[in-house]
Amino acid sequence: MYWSNTYISTLRDDPQEAEIPSHKLMLRAGLIRRLSGGLYTYMPMGLRALRKVESIVREEMDRAGGIEVLMPAMQPREIWETSGRADILEGVMFQITDRQDRAMVLGPTHEEVITDLISREINTYRQLPRTFYQIQTKFRDEIRPRFGLMRAKEFIMKDAYSFDVSWDAADASYQAMYDAYVRIFERCGLNARAVEADTGAMGGNCSHEFMVLTDAGEDAIVECASCEYAANTERAERRIPSRSTSHSEALEPMSTVSTPNQRTIEDVSTFLDIPAERMIKTLIFNADGKPVAALVPGDRDVCEQKLAQLVGAKNFEAADEAMVKNATGAPVGFAGPINLDVPLFADRSLEGLCDGITGANQKDLHYCNVSIERDTTIQTFHDIVLVKSGDGCPRCDTGTLSERRGVEVGHVFKLGTKYAEAFGATFLDEGGDLQTLTMGCYGIGISRTLQSAIEQCHDENGIVWPSALAPFQVAILILKNDHEASCEAAASLCEELEAMGIDVIVDDRKERPGVKFKDSDLLGFPVRVVVSERSLAGDEFEVKLRTASDPVMISVAGAANSIKDLLP
Ligand code: ATP
Ligand code: MG
C-alpha cells in the first residue's frame, strides 16, 4: 500500500478533548475522528487495526467451536419485556418507534434475540451443545461516554452464547470460551488478566472478567501476591482479621457517651481516643425506595454491589438526608443499630465485637461497650466490605491483596436457565423429557480491546503496536520521493514482503524526512525501513524496530527475508 493511495491525517498536538494516552494517540495518529460524544469514525489506519482484532477473535471463536451468525441490531422492545430486563436496562437502551408505532430498541446486547431464535431452532439434545457468536455494533446510552473507544455510545462487540443440556455440561462450553479468550488476548499482544467477577443475581463462581491492567482503567481489582486469586472489587473477598479483644475482658454493660458535634468516624474516634475499627459504622441505603442499614467497622467502606445483591434491590444508592433522618430519627452522623427499625446487614468482621462504639440515633450521642450479639437484633453476618490493598487473601493463608486498575476487555458468564425459561427455550432429553436449556454468554469489546492495546503499548513518540494489530507491520520510508532508484528499490521490497504475507506501507510523500520519521513513530509501525540514496550506494537499507533505539543496516539482497526474521 502506498501512503499517497490511502488517507492518513496525523495531528501535531494533543487534542484538547482527550484525557488518557490511548485516546490522545488514536486521535493524533488519525485512527479515529469524533462525530459527537461517544460516536467515532474509524479512519483507514484505525479500521485496519480493528479488522485485525476482529480476525483474531473470529479465528479463535471458530477454533473453539463457535458458529458465526449476525443478528439484527434493532430489536422489538417486547423481547425485553419477555426477559424482564426492559426496566433494568431502561436507562441504557436507545429506544425508537417505527412508523406503526411499534417500540424498538437498538441492541445493547443480544441475550434476548439469541434465546428467542434458539427457542425455535433447537428442540433435541442431539443438537447440543452449540455456541453461536457474532461481531456486531452495540448501542448503549452510557452515563459518561468517555476515553474515546473505551466507553462509547456505539461500539463493536463480539458476543457469544452457549447452549447446553445441563449446568454441568455448560462448564465445558464456558471453559472453551475462557481458553479462547486467553489465546485471543495473548495473540493481540495484551497483558490481560482473568479476575473473578460479580455475577449479579446468579451467585456462584461462574463469571470472569478479562482485565487489561492500566492506571487508566475504570475498574478496580485486587490480586494476591502469593496465589492466583484475583477479583473485581465489586465481588472480592478478604480474610477476616482476628480480633484483639476477647469477650471475657470487655463485656461491660452498654452505656451512652456524649459526642457533641462529632459526626464523622474520624471525629468520634479522635474525640473518644479509640481506634476507628472499634466503631460500628452504620450507613443507610435506599433499596428500591426503602431504607436498609449496613454495618461495617469504622475504618472500612461498604461494597454497594455486594450489598445490593444481598438485599436483592434493583435500584440501590446511598440514602439522602431526609431518608436517613426519617429512618434513624437523628441527623446524618449518629446512626446506629440499637433500636433501629430497618433491615440490618452487618459485615462478617463485626462478628464477636463486644466493645464497639456506635451512633445512638440521637444527635450528639453515641453508645459504647456495644456487643453486636448482645445489644442488637443481628443474627447473621455477611460479606459486605469493600476489599482494599493490604487485606488478607481469602484463598491462601499468607497472601496479601493489592489493588490495581483495569479495563474490562472481555467477560465470560455462566447464565443458567434464566433466559431460556423466559423464552421457553427447551429441548427433549435422551429420556424424552422436556428440559430447559442452560446458557452461557461471552463478550469481548473489539473496539475497546483495540484502544487498550494502545493504552498498554505506547511511548512518548507514539503508538508501539503489538505486531499482530499494527495496521501495517512494515513501513518503508522513501527519503526523497524524486529519487528514482529509491522508489524502485522500495517498490520491489514492498512487493517481496507482501508476497510473504506481510502488510507494508510505503511512505512516498513529498515530505521532509523528519516528518516521515515522526509519523512512522506516531503510527507505531513495528518495523521501519529507510531507503535513501546514501544507503543504496552501499547496497543497503536502514532498518529499525519501533522498540529499538538504533537502526541496523541490512543488505539489499535478501532484505525481505532479513526483515521477516526481524518482525516481532
Ligand atoms: P462496563 O462495566 O465497562 O460498562 P459491561 O460489563 O457493561 O462493561 P458487558 O455487557 O460485559 O460490558 O459487555 C461485554 C464487553 O463489551 C465488555 O467487556 C467491554 O469490553 C465491552 N463494552 C461494554 N460497554 C462498552 C462501551 N460503552 N464502549 C466500548 N466497549 C464496551
Ligand atoms: Mg461486563
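What are the residues in the stretch 21-43 that are free of Cβ contacts under 8 Å to residues at least 40 places away in the same chain and assigned to a helix (DSSP H, G or I), if any? Matches in the stretch 21-43: K24 only.
Of all residues in the stretch 352-403, count the ones that are out of contact with any Leu (no Cβ under 9 Å at 6 or more places or on another chain), of a type in the set (S, T, N, Q) and within 15 Å of E223 (Cβ to Cβ). Break it down stepwise before answering.
Initially, the stretch 352-403 is screened for residues out of contact with any Leu (no Cβ under 9 Å at 6 or more places or on another chain), giving 352-353, 360, 362-365, 367, 375, 379-380, 385-386, 395-403.
Narrowing further to those that are of a type in the set (S, T, N, Q): 362, 379-380, 398, 400, 402.
Then keep just the ones that are within 15 Å of E223 (Cβ to Cβ); that gives 398, 400, 402.
Total satisfying the criteria: 3.
Which fully enclosed helices (runs of 4 or more DSSP H) of the stretch 508-568 have 2 or more residues being in contact with a strand residue (DSSP E or B) (Cβ under 9 Å, 6 or more places away or on another chain) and of a type in the set (G, A, S)? Before you say what the answer is, go through the steps one by one.
On the way: elements: 513-523, 533-537, 559-566.
The qualifying helices (runs of 4 or more DSSP H) are 559-566.
Quick check: anything in the stretch 107-125 modelled with pLDDT of 95 or more, farther than 30 Å from D171 by Cα and surrounded by fewer than 17 Cβ atoms within 10 Å (Cβ to Cβ)? No: zero hits.
Figure legend. Inter-residue proximity from the stretch 420-448: first residues closer than 12 Å to I114 by Cα and modelled with pLDDT of 95 or more, second residues of a type in the set (D, E) and within 16 Å of ligand 1 (Cβ to nearest atom), beta-carbon distance below 9 Å, spacing 6+ or different chains. Indicated pairs: F423/E112; M439/E111; C441/E111; C441/D159.
Hey, any hits in the stretch 131-143 for a residue that's at pLDDT below 95, closer than 18 Å to G37 by Cβ, away from ligand 2 (no atom under 15 Å from the Cβ) and assigned to a loop (DSSP other than H, G, I, E, B)? Scanning the stretch 131-143 turns up at least one residue that is at pLDDT below 95, closer than 18 Å to G37 by Cβ, away from ligand 2 (no atom under 15 Å from the Cβ) and assigned to a loop (DSSP other than H, G, I, E, B).
Suppose we filter Q16, Q95, Q75 for residues that are of a type outside the set (A, V, I, L, M, F, W, C), more than 29 Å from E186 (Cα to Cα) and buried (at least 18 other Cβ atoms within 10 Å of the Cβ); which single one remains? Being of a type outside the set (A, V, I, L, M, F, W, C), more than 29 Å from E186 (Cα to Cα) and buried (at least 18 other Cβ atoms within 10 Å of the Cβ) holds for just one of Q16, Q95, Q75, which is Q75. Yes or no: A470 part of a helix (DSSP H, G or I) and more than 16 Å from ligand 2 (Cβ to nearest atom)? No, not satisfied.
Yes/no matrix, rows are residues, columns are (1) at pLDDT 95 or above; (2) within 17 Å of K388 (Cα to Cα); (3) part of a loop (DSSP other than H, G, I, E, B):
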site	(1), (2), (3)
M157	yes, no, no
S162	yes, no, no
Y178	yes, no, no
I184	yes, no, no
L190	yes, no, yes
A194	yes, no, no
A201	no, no, yes
V222	yes, yes, no
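Only residues that are away from ligand 2 (no atom under 16 Å from the Cβ), under 24 Å from E121 (Cβ atoms) and in a strand (DSSP E or B): list them for the stretch 399-438, please. Those that are away from ligand 2 (no atom under 16 Å from the Cβ), under 24 Å from E121 (Cβ atoms) and in a strand (DSSP E or B): G416, T426, F427, L428, L434, Q435, T436, T438. Taking each residue of the stretch 214-243 that is free of Cβ contacts under 8 Å to residues at least 12 places away in the same chain and looking for partners that are basic (K, R) and away from ligand 1 (no atom under 16 Å from the Cβ) with beta-carbon atoms closer than 6 Å, six or more apart or interchain, yields nothing. Of the residues making up the stretch 148-169, those that are more than 20 Å from M93 (Cβ to Cβ) and more than 15 Å from ligand 2 (Cβ to nearest atom) are G148, L149, S162, F163, D164, V165, S166, W167, D168, A169. Pairing residues of the stretch 391-408 that are at pLDDT below 95 with residues that are of a type in the set (D, E) and away from ligand 2 (no atom under 16 Å from the Cβ), at Cβ distances under 7 Å and at least 6 apart in sequence or on separate chains, gives P394/E237. Scanning the stretch 78-125 for residues that are out of contact with any Phe, Trp or Tyr (no Cβ under 9 Å at 6 or more places or on another chain), farther than 23 Å from F155 by Cα and part of a helix (DSSP H, G or I) yields E78, E81, R120, E121. Within the stretch 148-170, residues that are under 20 Å from N123 (Cα atoms) and touching a residue at least 12 places away in the same chain (Cβ under 8 Å) reach no partner that is among the basic types (K, R) and within 6 Å of ligand 1 (Cβ to nearest atom) with beta carbons closer than 6 Å at six or more positions or on different chains.
The values are calculated or read from the model by the stated rules, or taken from the named source; none is laboratory data. Quantities reported herein were computed from a predicted structural model and do not represent experimental measurements. Cβ sites come from the backbone with ideal geometry, for glycine too, and all protein chains shown count toward neighbours.
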